[in-house]
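Participant: There's a structure below that I have some questions on.
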């Protein structure tokens, strides 16, 4: 196969066509004789290509830095009338440099590397994802992976799937805090009315609070793990009501804080 006009995968134009034969019978009143000759078939390669052309879409992907997105059949598709989607294979020759190519299985996610493959059927089932790793040395705003398309009978030239990645300017982080009042030994859940951090990116899962100075008279911990101090948590954890402060019942304390 080869790429034709960037949209079709077709047989290579040097595909051989078997010669035909012509038999001739000569009748002259004498003993008859028969002659055979090979006839070479002269076929326009472009017409030959159209007999078995593959539809091929390779539109690339756009996403923000640190984001992940599905690679669907809207951006990557190969198909013809004679090959089922589960028999159209993408063999990876070079994996992405600045992210992960992930394939969803029944029980987990598998990172694909050079030498591995996925099928068109898996693409159509939205099981192929790209996850960009932020803060990569040498990153210049784009990534890619290379592959060879095959139906196990023939294969394409090496193709590249391009991934454009937008760098997000987070700007300054704005922090809002509010004092809370509770009795000795009580627990309070940290909600966004009490602790809220905002930036221009709007991704609470990437805003991380690191506890550098823990409270002296209590404990910052996950609701599901009482007694185990948290070293860090995210704004998303706060929004989901997963973090709380529990006072240690110290009778000599009137205030407490953490940094």
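Participant: Which order results if 68, 132, 251, 221 are arranged by neighbouring Cβ count within 10 Å, fewest first?
Facilitator: On the way: 68 13, 132 22, 251 7, 221 19.
Least to most surrounded, the residues fall as 251, 68, 221, 132.
Participant: Once you have the Cα-Cα distance between residue 256 and residue 174, take 0.36 nm times their residue separation minus that, and quote the gain in nm to one decimal.
Facilitator: Values: separation 82, 0.36 × 82 = 29.52 nm, distance 2.27 nm.
Going from the current span to full extension adds 27.2 nm.
Participant: Right, here's the next one. Sticking to Cα atoms, compute the Rg of the range 87-206 to one decimal and its Dmax as the biggest Cα-Cα distance, whole number, in Å.
Facilitator: Looking at the range 87-206, its Cα Rg and Dmax stand at 22.0, 75 Å.
Participant: Arrange the following residues from fewest to most other Cβ atoms within 10 Å of their Cβ: 178, 104.
Facilitator: Numbers: 178 10, 104 15.
Starting with the residue having the fewest Cβ neighbours, the order is 178, 104.
Participant: Now for a separate question. If eta is 1.306 mPa s and T is 10 °C, what Stokes-Einstein diffusion coefficient results for the range 185-259, Kirkwood Rh from Cα pairs, in µm²/s? Don't jump to the answer; show the numbers that get you there.
Facilitator: On the way: Rh = 12.9 Å.
Translational D for this selection: 123 µm²/s.
Participant: Mean separation of Cα pairs under 8 Å and 6+ residues apart, divided by the residue count of the range 54-166: what relative contact order is that in percent?
Facilitator: Working: 253 pairs, mean separation 39.4, N = 113.
About 35 percent, as a whole number.
Participant: For 127, 225, what ranking results if the residue with the fewest other Cβ atoms within 10 Å of its Cβ goes first? Kindly include the intermediate steps, with their values, before the conclusion.
Facilitator: Working: 127 19, 225 10.
Arranged by neighbour count, lowest to highest, 127, 225 become 225, 127.
Computed from the coordinates by the stated procedures, all read-outs in this text should not be read as laboratory data. Given the structure is predicted, the values throughout are model-derived calculations rather than measurements. Virtual Cβ from ideal backbone geometry, glycine too; neighbours counted across all protein chains shown.
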